[in-house]
Amino acid sequence: MSKKSLLIFITIILILIIYGALVFAFPFVYSGYYYKTVPPKNLVNFDILNPLITNNSSLKVAVIGDSTGIGQGTDSDTQSFGYQYTQTYLLPNYSFINYSNFSQSGNSTSDVLQNQIPKVETDKYDIIFVSIGSNDMISTKTNKAEFTKNVSKLADKLISTKAKIIWLSIPDFITVPTLLFPLNLYLSNRSKQFNQETTKILDTNKLQLIDVYDATRQPFIDNPNKYFSKDKYHPSKDGYNLWVEAIKAQLQSNSIG
């Protein structure tokens, strides 16, 4: 190899190393430092009143999951998908709704099993929203087999609550502006695989997985400034509203809401 060829080869390697470092560092620098969002204050448990309904009808709603469950990227838990859905599609039918959000930013399926499931097992809920899996999917510590085992345990425990389960899929990470190629493509494929495992388990247990992976991908790609928060990682209020509309469109039963 000539000196010129060697120099070109070394230059290419250096460029690849620098780009590789940028791919992995950029999301942290942008979302984790310069435009960091914090989990909104979790009100945990409160009543939502509808003065137009006077028949004392009530509903108990809970949300479990990770940062997307609590609505990180917005200013308040009331802008999360669970609250927006409850306010828009459930409250018109009830005089009051007891709403509880136990989601915690950064939680994985194992965290939900340990810390959140006991909270929905100790009280009777009519509806439980579930938004979990993204932290498992991006973590190198959780393999697909462990994730599948945890989801199976979660499904069993949620079924035992007798509540209506509204379980959201992991979104498509190809849409996330802070994720550069090829990391966005890798995480998109990995989230698809994790969703397939979840679908198998929920189908076996006659539960429905609400698809936000395919159903909301294009709007997030077409208008990231509207549908992503300032950290360009978590959805905005409008982004979570896309999830709300996906839930409404896909629910197989209208027995509640």
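If the condition is being buried (at least 18 other Cβ atoms within 10 Å of the Cβ), among the aromatic types (Phe, Trp, Tyr) and either touching a Phe, Trp or Tyr at 6+ places or on another chain (Cβ under 6 Å) or not in a helix (DSSP H, G or I) (or both), then the stretch 162-193 contributes only 167. Output the residues belonging to the stretch 64-79 that are in contact with a strand residue (DSSP E or B) (Cβ under 7 Å, 6 or more places away or on another chain) and charged (D, E, K, R). Answer for the stretch 64-79, where residues must be in contact with a strand residue (DSSP E or B) (Cβ under 7 Å, 6 or more places away or on another chain) and charged (D, E, K, R): 66, 77. Might you let me know whether the stretch 150-162 holds any residue that is touching a strand residue (DSSP E or B) at 6+ places or on another chain (Cβ under 7 Å) and aliphatic (A, V, I, L, M)? Looking for residues that are touching a strand residue (DSSP E or B) at 6+ places or on another chain (Cβ under 7 Å) and aliphatic (A, V, I, L, M), one finds at least one in the stretch 150-162, hence yes.
Note on the stretch 201-225: among residues that are surrounded by 14 or more Cβ atoms within 10 Å (Cβ to Cβ) and charged (D, E, K, R), the one that is nearest to residue 73 (Cα to Cα) is 217.
Readers should treat all values here as calculations from the given coordinates under stated rules, not as data from a laboratory. Everything quoted here is computed from the prediction, not taken from an experiment. As a convention, Cβ positions derive from the backbone with ideal geometry for all residues, glycine included, and neighbour counts pool all protein chains shown.
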